[in-house]
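In what follows, a single structure is set out as structure tokens and then discussed.
Just so you know, all these numbers are worked out from the coordinates, no wet-lab data involved. Please read these numbers as outputs of a predicted model, since none were measured by experiment. Here the Cβ positions follow ideal geometry from the backbone for every residue, glycine too, while neighbour counts run over all protein chains shown.
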Protein chains: 2
Amino acid sequence: MLTRDNLSRNVLRAEYAVRGPIVQRAQELEAQGRKIIYCNIGNPQALKQKPLTYIRQVLSLLEYPELLDRPDALKLYPKDLVQRARDILDRHPHGTGAYSQSTGIPFIREAIADFIARRDGISASKDQIILTDGASKGADAVIKALLKGPIDGFMIPIPQYPLYSATLSLYGGQQIGYYLDEQSSWQLNDQILTESIEGARAAGIRPVGIVVINPGNPTGAVLSHENIRMIVRFAKLHHLSIIADEVYQENVYEKNARFYSFAAVMHEMDETGVSLFTLHSVSKGYLGECGHRGGYLEIRNVPSGVLEQFVKLQSINLCANVVGQFTTYLMVSPPQPGDESYPKFVAERDGILASLKRKAEILGEGIDRIDGMTLEMPQGAMYGFVRFELPPEKGVEVSEMTPADRRRYEAKRDSDYCLALLEETGICVVPGSGFGQQPGTFHFRTTFLPPQEEIELLVARLKTFHEKYVRELEEV
Amino acid sequence: MLTRDNLSRNVLRAEYAVRGPIVQRAQELEAQGRKIIYCNIGNPQALKQKPLTYIRQVLSLLEYPELLDRPDALKLYPKDLVQRARDILDRHPHGTGAYSQSTGIPFIREAIADFIARRDGISASKDQIILTDGASKGADAVIKALLKGPIDGFMIPIPQYPLYSATLSLYGGQQIGYYLDEQSSWQLNDQILTESIEGARAAGIRPVGIVVINPGNPTGAVLSHENIRMIVRFAKLHHLSIIADEVYQENVYEKNARFYSFAAVMHEMDETGVSLFTLHSVSKGYLGECGHRGGYLEIRNVPSGVLEQFVKLQSINLCANVVGQFTTYLMVSPPQPGDESYPKFVAERDGILASLKRKAEILGEGIDRIDGMTLEMPQGAMYGFVRFELPPEKGVEVSEMTPADRRRYEAKRDSDYCLALLEETGICVVPGSGFGQQPGTFHFRTTFLPPQEEIELLVARLKTFHEKYVRELEEV
């Protein structure tokens, strides 16, 4: 019989803290009847965020098109959405039940190209767009395709969304971590990037790409225009492809911040020599349609021989799920002024974004006031990456440890903290070590997705818990 | 800028003929206004097969649950399905919009375990079931996890469904082909298996698993009970894990044939020492819900340390799309006698299966009557793997070629044939070389999914085309 020892080393090495042991423990506690506040994952509709009505109305018609022939059914839907469902089925008569073209339904790829063109004022082509089962699958394809051998690696942020480290592990690639600059609201830093890439090269690693998440996960940072220009110049200088994870592009709360896409900034710089892979998704923004697993990968500045390899990769997977494709279509072409469904769409969209902003403020201000905790108000995305202080353990000298031992020791300390937080308060967050952090610092990632009263409760419970936890450590 | 030379060798090596150049050419011709009969892919609803109404009715309610509060809406649905949608949302209040647990929604995994237990009279556990985005993703996970190094390989049938060779290429594994026995209706043959594994070992390859597709793709063969027992004994003897691709389990047309699952046969043999990975899907059978990308992987006879690695792999992907999960649930728990929706379900199911059987017969009998073509009536699945004769080219001595040169030469001949068939008749089939075939033989795979009149047309056109093509070759 198969044993663990027979399995791929790459698979065994991969780690994904967002759904790791602490979440499993939370599910056990919940099964025992405990009320858990799930702040571990950006899963808005599991935390009572309502779906946008127009999306679901159109999907219900697409799943059961016979409704379109029933006058009594049509009274239940806004007229423009009935027409929208009809148009979709005219353009794609196979509906939700057939495999589509490998890269996705052509008119949807066109609509995405229009969306990019409208958003950024640049040109975009449907032939460079591949619909995917969520953004994760796009990242998987790029990393899989660009790793040519065991010394190849991607630069990934620290802290990072662990999809990237996990996928690099799965395909035997090297992780080249670069620290985000906590002092500068988690922007990227040219000097840190340079030190990181030089260190990797000195260690015999060949960097092939850089992953940038903007707005940031887990940091909530929105990168400045100048920061993105710097990254493009850096990628150009070092012959790196860029993976731009832009799934939180609609989630910007800080009034002085604005989302700039890498595609737009590169266009403005007239930069056509840096290959760019951009990810987007229906799971975040104001849709939060995580369960539908829809998204796309846009590829720029690659020769056709590279593009066709991505098309082939997608063809092995047959195609992204078609309901997710339709959801993506509806995301990039929402109701317009004058449509019957428009006022409700606007009210729902603005309600969700305003609520997220308010909760980001409550979280940021509340936590920052706790003694021994630091958090700026998240500028964007759905997370706060909270820094907290722990007193040193008596008799333990971290400075005498090897870096790896120290990392393990500190990872255990922040995991123990998060586990104790869960057991005592029912709050489920992810330890900072799951994303990466500077030695000697401790963090956890929490979403601000639960309803506002739970965020307020979370802040209050955190304060009580943290004070007690630190006191007990000091008393040991 | 990135070039093709920078890409992973594994990715460049991967091939997937089902959506290869001939299909691309067909799409070009179609864009020019030609009518194409797409027989290249098992995509029933693209070929006018209607979805089962009960599935789409429930999905439309799940996408837009507000309908459940509208008495005027409920008149449009059978009562049992309204109740079913309510029950689903009671058990899973997050509906279609949230990520589920990594391995899938618990009650759905339970329903699948019940389905297996009912079908096979054996016990099954929800904890060994992982919901996937179609069966392809399950195969991907198993192959990825079981390949420990570059000398590891899987035994795969020749002819095979090219997902397996493509996935092995992607993860740098070795393909150990074993011929299916065309003389015995494409069953597996003990002696051929033994020669194949011994040859691989002699070549320094370490076989770790065997892929079996039953009912067969592209062969349409339904494996006998004794054949499956033989395979289990073979796997046991050689310490191989089994991947049992059973997605066509409902598609059995030959009256003396019956589907036996590997799980059932192994249970009956009291065999608990062979690790078994079984794949199923909503894309085939009588549902044909390819676009929904639903399916599951069932894992038997592995220690918990192995199982948890598969759970982790799935967690990196977050979860299978939730609509596909619900579709899978509805597949394994269809309407029951007494339900308002039952008569229609039975009529639709039986209509689809009877039509497929009829079309398999028309295809099998019609093609077998063509001079220079051979096809038994497909026993199951959705395909005929048609053998055809081509006259030798003058001045070409295949016996003087290396095996690799001969394979390339013969692959070009059957590709040329299929391309000419497409250009002349609009019929799109896949060359046998895309699946693998014995040297000196030529085949193509065709589905029998198009409407009956198109199958009749296909047989007639094939005859005319083949006679002309052979005549022209002989005249050269």
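Just a few scattered comments:
- Spatial offset of segment B:430-476 relative to segment A:427-460 amounts to 62 Å, using the alpha carbon center of each.
- Residue-by-residue Karplus 3J(HN,Hα) for segment B:376-382, coefficients 6.51, -1.76, 1.60, Hz, glycine and proline x: 5, 4, x, 6, x, 6, 9
- Global form of segment B:347-409, assessed from the alpha-carbon gyration tensor, a/c cut-off 1.5: prolate
- Nearest-0.05 FRET efficiency for residue B:90 and residue B:365, computed from C-beta distance (R0 45 Å): 0.30
- Database remark: amide H of residue A:210 closer than 5 angstrom to the amide H of A:155, A:241, A:242, A:243 (H placed geometrically; neighbours at sequence offset of 5 or more, or on other chains; Pro and chain starts carry no H).
- Taking the charge dipole of chain B about its Cα centre, with +1 at Lys and Arg Cβ atoms and -1 at Asp and Glu Cβ atoms, the residue from B:2, B:332, B:176 reaching farthest to the positive side is B:2.
- Whole-number percent relative contact order across segment B:151-265, with pairs defined as alpha carbons under 8 Å at least 6 apart: 26
- Stokes-Einstein, applied to the Kirkwood radius of segment A:324-434 over Cα pairs at a viscosity of 0.692 mPa s and 37 °C, places its translational diffusion at 183 µm² s⁻¹.
- Residues of type aspartates and glutamates that residue A:357 reaches as a straight line, Cα spacing below 20 Å, ignoring anything fewer than 8 places off in the same chain: A:246, A:250, A:254, A:289, A:348, A:365, A:368, A:376, A:453, A:454, A:456
- Unit Cα scatterers, Debye sum, segment A:171-223: log10 I(q)/I(0) for q = 0.19, 0.20, 0.23 Å⁻¹: -0.70, -0.76, -0.92
- With Cα atoms, 0 to 90° folded angle of helix A:21-31 axis to chain A main axis: 70
- Above-threshold pairs, the threshold being 23 Å between Cα atoms, out of B:284/B:359; A:48/A:284; A:79/B:79; B:412/B:468; B:35/B:463: A:79/B:79
- When peptides B:437-447, B:1-11 are ranked by their average number of other Cβ atoms within 10 Å per residue, the highest-first order is B:437-447, B:1-11.
- Extension gain for the segment residue A:122 to residue A:239, taken as residue separation times 0.36 nm less the Cα-Cα distance, is 39.8 nm to one decimal.
- Relative contact order (%) - segment A:106-332, alpha-carbon pairs under 8 angstrom, separation at least six: 24
- Intensity falloff of segment B:155-250 expressed as log10 I(q)/I(0), Debye formula with alpha-carbon point scatterers, at q = 0.19 Å⁻¹: -0.89
- Think of each Lys and Arg Cβ as +1 and each Asp and Glu Cβ as -1; about the Cα centre, that makes the dipole of the protein assembly as shown roughly 220 debye.
- Taking trypsin sites (Lys or Arg not before Pro) across segment B:391-431, the ones in a DSSP loop with at most 16 further Cβ atoms lying within 10 angstrom of their Cβ are B:394.
- Computed from Cα atoms, the angle from the helix B:106-120 axis to the main principal axis of chain B rounds to 60 degrees.
- Reachable lysines, given that their alpha-carbon falls under 18 Å from the alpha-carbon of residue B:144 and they are not under 8 places away in the same chain: A:137, A:144, A:148, B:312
- Relative contact order (percent, whole number), chain B, Cα cutoff 8 Å, 6+ residue spacing: 21
- Each part gets one Cα centre, and for segment A:287-310 versus segment B:71-87 those centres are 38 Å apart.
- Backbone N atoms of segment B:136-153 closer than 16 Å to the 7 Å Cα→Cβ label point of residue B:201 belong to residues B:152-153.
- Using only side-chain charges placed at the Cβ, +1 for Lys and Arg and -1 for Asp and Glu, the dipole size of chain A relative to its Cα centre rounds to 840 debye.
- Counts of other chain beta carbons within 10 angstrom of each beta carbon in peptide B:62-69 average 6.
- What the Cα atoms of the protein assembly as shown give is an Rg and a Dmax of 28.2, 98 Å.
- Taking the C-alpha atoms of chain A, convex hull volume expressed per residue in Å³: 179
- Residue A:5-residue B:424 FRET efficiency (beta carbon distance; Förster radius 51 Å; 0.05 resolution): 0.35
- Exercise: per-residue mean of other protein chain Cβ atoms within 10 Å, B:231-238: 0
- Each part reduced to its alpha carbon centroid, segment B:10-56 and segment B:328-349 end up 29 Å apart.
- Table column - 3J(HN,Hα) (Hz), segment A:54-64, Karplus curve with 6.51, -1.76, 1.60, x for Gly and Pro: 4, 5, 5, 5, 5, 4, 5, 5, 5, 5, 9
- Applying the criteria of a DSSP loop state and at most 14 other Cβ atoms within 10 Å to the GluC sites (Glu not before Pro) of segment A:368-408 yields A:389, A:393, A:397.
- Counting other Cβ atoms within 10 Å as a rough exposure proxy, the listed residues B:38, B:253, B:296 run B:38, B:253, B:296 from fewest neighbours to most.
- Computed over the alpha-carbon atoms, segment B:106-332 gives an Rg to Rh ratio of 0.94, Rh here being the Kirkwood radius from the mean inverse distance.
- Binned Cα-Cα distances of segment A:328-383, short to long, each 5 Å bin given as a whole percent: 4, 18, 17, 16, 13, 10, 9, 7, 4, 2, 0
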